[in-house]
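Engineer: What follows is a single structure, and I will ask about it in a moment.
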Amino acid sequence: MNHLEQLVSEWLQYKGYFVRTSVPVGARDRGGYEGELNVVAVHLPHKHLLHVECSLDALSKEKRQERFRLKFERGARYIHEAFKGLELPEKVDQIVILQFASGIDREFGGARLVTGRELIHEIIAGLQGTSPASKAVSSNLPLLRTLQLAADANAHLEADNPLHRIVRTIENEGVGDIEI
């Protein structure tokens, strides 16, 4: 599992989804599988079924389109088997997360595109205002917990930065005796 798959998995768990990763699907008669689904998740109260494929590749647009088309067709066929025994919605929300993408194309292989940057922005925004001291992300979600610490540090950076204090002093009081 790559870091994007791990991060998506943690974010979905944090948001209340039941998540499975690296799910082999399409068992073959002579052994092996047709493929693997990176991240599948279901939020039962919201009746949301999700299939996410993550990639760090730098393939051409054409090769990516074909590759993800096959992955998402496979996902549509087999995702319900990944959650046997659960009452699932029929509709599957399919998302491809690409580390290296311009974001100009908003679809790959029939799935909605989310860039790596957009994912990080969503997570940081979702963690905004959560204090690592009083509302820490669970330690079993280490990447997400790290982003929470980074978001909290960034929020306090300006207030704690001596250079920023000097600039504010100059702006508010004018140039005078300033100690660094």
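Throughout, read-outs are computed from the coordinates displayed, never taken from laboratory work. Note that the structure is a prediction, hence the values are computed from the model and not measured. Cβ atoms come from the backbone with ideal geometry, glycine included; neighbour counts cover every protein chain shown.
Engineer: Once phi is turned into θ = phi - 60°, what whole-Hz ³J(HN,Hα) does the Karplus curve with 6.51, -1.76 and 1.60 give for every residue of the stretch 109-119, x standing for Gly and Pro?
Structural biologist: x, x, 10, 6, 8, 10, 7, x, 4, 4, 4
Engineer: What residues have an amide H closer than 5 Å to that of TYR33, excluding those fewer than 5 places away on the same chain, when H is modeled at 1.01 Å from N in the peptide plane?
Structural biologist: Here ARG28 satisfy the definition.
Engineer: Let me ask you something else. Which whole-Hz couplings ³J(HN,Hα) result when phi for each residue of the stretch 35-41 is put into the Karplus expression 6.51 cos²θ - 1.76 cosθ + 1.60, θ = phi - 60°, listed in order with x for Gly and Pro?
Structural biologist: So the Karplus estimates, Gly and Pro as x, are x, 9, 9, 4, 9, 10, 8 Hz.
Engineer: Let me ask something additional. What is the fewest-to-most order of SER22, SER9 by other Cβ atoms lying within 10 Å of their Cβ? Present the calculation step by step, with values, prior to reporting the outcome.
Structural biologist: Working: SER22 12, SER9 25.
Lowest to highest Cβ neighbour count: SER22, SER9.
Engineer: Give me the distance in nm between label points sitting 7 Å out from Cα along the Cα-to-Cβ direction at THR130 and HIS156, one decimal.
Structural biologist: About 1.8 nm separates the two model spin labels.
Engineer: Using alpha-carbon pairs under 8 Å, 6+ residues apart, how would you state the relative contact order of the chain in percent?
Structural biologist: Result for the chain is 16 percent.
Engineer: Out of the chymotrypsin sites (Phe, Trp or Tyr not before Pro) in the stretch 54-129, which ones are loop residues according to DSSP with at most 16 other C-beta atoms within 10 Å? Display every interim value, and only then the final one.
Structural biologist: Details: sites: PHE68, PHE72, TYR78, PHE83, PHE100, PHE108; in loops: PHE100.
Those satisfying the criteria are PHE100.
Engineer: Take the Cα atoms of the stretch 3-127, build their convex hull, and give its volume per residue in Å³.
Structural biologist: Given the Cα convex hull of the stretch 3-127, per-residue volume reads 112 Å³.
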